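These notes are about the structure you will find just below.
The values are calculated or read from the model by the stated rules, or taken from the named source; none is laboratory data. For clarity, every value in this text was computed on a predicted model and none was experimentally measured. FYI the Cβ positions are ideal-geometry reconstructions off the backbone, even for glycines, and counts take in every protein chain you see. Accessible surface areas use protein heavy atoms only, side chains included; no ligands, DNA or RNA. Shrake-Rupley method; radii C 1.70, N 1.55, O 1.52, S 1.80 Å.
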Amino acid sequence: MLKGKHIILGITGGIAAYKSVSLLRLLVKAGAEVQVVITPAGKEFITPVTLSALSGKPVVSEFFTANTGEWHSHVDLGLWADCMVIAPATASSIAKMANGVADNMLITTYLSAKSPVFIAPAMDLDMMAHPSTRRNIEALRSYGNHIIEPESGFLASGLIGKGRMEEPEKIVEVLDRFFEKIENQSLAGKKVLITAGPTYEAIDPVRFIGNYSSGKMGYALAAEAARRGAEVVLVSGPVSLPAPEGNVTRVDVTSAREMLTACEKVFDEADVAIFCAAVADYAPEHVADHKIKRGDMPEMTLKLVRNPDIAATLGARRHGGQTLVGFALETDDEMVNGRSKLERKHLDMVVINSMRDAGAGFSGDTNKITVVTAAGDEKSFPLKSKTEVAADIIDCIENISR
C-alpha cells in the first residue's frame with residue numbers, strides 16, 4: 001500500500017536515529033518516495049550523505065541552502081506529502097511540536113503538514129515517564145496525530161524500561177495498514193449516521209441539565225468513517241470541536257428531542273447508525289421563559305420527565321441491511337449493563353467502557369473499550385487514543401456488516 005506514496009521522514013537528535021536508516025530503506029523498498037527532513041541535532045547521529053544516498057533526494061535540514069540561497073518551503077513539503085513520520089521523536093522535539101515552537105525546519109514542516117502525522121517517541125525511561133512528556137504526547141494525540149508507542153527494553157543509558165523506538169518493520173506495518181483502510185475505501189457508497197456530544201436540557205434561558213461529554217469519540221468516528229469513503233451525517237450536541245474533514249454533514253442540535261428529530265430525518269437512508277452521544281435521560285417538565293432569580297425561589301424543585309430513547313426508538317423501526325451500534329458508559333456491572341442495552345435497543349453491537357478505567361470516559365483524549373456483538377462475540381482493547389479507538393470500532397462494524 002506504500003507504493004507511490006509521498007512520505008516525509010523526520011529525524012530528530014536521538015541515538016535511535018540509527019534505526020531511521022533501516023526505516024528509510026524499508027520505505028523506499030516498499031515503493032514510497034521519501035523526503036528526509038532532519039534537525040541539526042539529528043545530523044550529529046546520522047549523516048545526510050547516507051540518507052540522501054538511500055532516498056535519492058537531497059536531505060532538508062535548514063530553511064535555505066547556505067551556498068546558493070535556495071529556499072526550502074515547509075509549506076510545499078506539507079502539501080506534497082501523503083503522510084509524515086517522525087522517527088525518532090525526542091522529548092525536546094515532542095515538546096516543540098506540542099507547543100508550536102517552530103525553531104527548525106522539521107517543526108515548521110510538521111506545523112504545515114496537511115496529511116496524517118505518525119510520531120515514534122524514543123528516549124530514556126525517566127524522560128518517557130516524566131509528566132511533562134506524557135502531557136505533551138497526549139496533546140499531540142488530541143491534535144489528531146498517530147502515536148507509535150515505544151517499546152520496553154534495553155536503552156542506550158544501560159537501563160531497562162519503556163523508551164525504545166518501535167522497530168522500523170513495525171512502523172512500516174502501521175503505515176501500510178493505515179493506507180490500506182484508506183485506499184480500500186471500504187465504506188464507499190455507505191451512509192453513516194453518527195450522534196456525538198452531550199445534550200442540554202433547558203431549565204430556563206441560561207441554565208440547563210447536561211453532562212461532561214466532549215464529543216471527541218463521536219467526532220473521531222465521523223472522521224474515520226469519512227476517511228474510508230462513507231457519506232457521514234454527524235448529529236452533534238453542543239461541543240467546541242471543528243467539523244471533521246471529508247464528506248461529513250454536521251447537524252447541530254441542543255436537546256435530546258432535537259437530536260431525535262434530526263436523526264429521524266436521515267435514519268431510513270442510513271446503512272450504519274452509531275449512537276455515540278451522551279443523551280440526557282431526563283429533562284425538566286417545565287422550562288421558565290425568563291431567568292429564575294435566586295430571590296424569587298429560596299428553594300428549587302425540578303420535576304423531570306423522561307426523554308425519548310433515541311437508540312431504542314430508531315432501533316424499533318430499523319429495516320433489513322442496517323447496522324446499529326450503541327455505547328454504554330458504565331460505573332459498575334459494565335458487561336451486564338452493556339449486554340442488556342444491546343438487547344433492549346435492538347442493536348447489532350455495543351461499545352462498553354467504564355468510568356473505573358483510568359483514561360476512559362468523558363472529555364479525555366483516550367479510551368478503553370470492550371466490543372460486544374449480538375452474535376455473542378466479545379473483544380477488549382487496551383487504552384488507546386480516541387482516533388485509534390475509532391478505527392478499531394469501525395473495523396468491528398465492517399466485520400459484522402459483511
query: How about segment 182-224: which strands (runs of 3 or more DSSP E) wholly inside it have at least 1 residues that are open to solvent by less than 10 Å² (accessible area, probe 1.4 Å)?
result: 191-196, 201-204
field: All positions within segment 146-171 that are out of contact with any Asp or Glu (no Cβ under 7 Å at 6 or more places or on another chain) and in contact (Cβ under 8 Å) with a residue 60 or more places away in the chain
entry: HIS146, ILE147, ALA156, MET165, GLU167, PRO168, GLU169, ILE171
- prompt: Going by the structure shown, is MET165 over 30 Å from GLU398 (Cα atoms) and surrounded by 20 or more Cβ atoms within 10 Å (Cβ to Cβ)?
  reply: yes
- request: Could you tell me which numbered condition VAL305 fails, if it satisfies all but one of (1) assigned to a strand (DSSP E or B); (2) in contact with a Pro (Cβ under 9 Å, 6 or more places away or on another chain); (3) surrounded by 16 or more Cβ atoms within 10 Å (Cβ to Cβ)?
  value: (3)
message: I'd like to verify a number: residues in segment 377-402 that are open to solvent by less than 50 Å² (accessible area, probe 1.4 Å) and more than 13 Å from the chain's Cα centre (by Cα), how many?
response: 5
- prompt: In segment 308-348, which residue that is of a type in the set (Lys, Arg) and touching a helix residue (DSSP H, G or I) at 6+ places or on another chain (Cβ under 7 Å) is surrounded by the most Cβ atoms within 10 Å (Cβ to Cβ)?
  reply: LYS345
message: What's the total number of residues in segment 175-201 that are touching a strand residue (DSSP E or B) at 6+ places or on another chain (Cβ under 6 Å) and β-branched (Val, Ile, Thr)?
response: 3
- line: Per the list (1) in contact with a Leu (Cβ under 8 Å, 6 or more places away or on another chain); (2) part of a helix (DSSP H, G or I); (3) within 30 Å of PRO284 (Cβ to Cβ), residue check on VAL172 breaks on (3)
message: With the requirement that a residue be over 15 Å from ILE274 (Cα atoms), modelled with pLDDT under 90 and of a type in the set (S, T, N, Q), what does segment 370-402 give you?
response: SER385, THR387
message: Give me the residue from segment 250-281 that is within 15 Å of PRO238 (Cα to Cα) and of a type in the set (Lys, Arg) and, out of that set, most open to solvent (accessible area, probe 1.4 Å).
response: ARG257
field: segment 83-106, subset aliphatic (A, V, I, L, M) and free of Cβ contacts under 8 Å to residues at least 60 places away in the same chain, residue most open to solvent (accessible area, probe 1.4 Å)
entry: VAL101
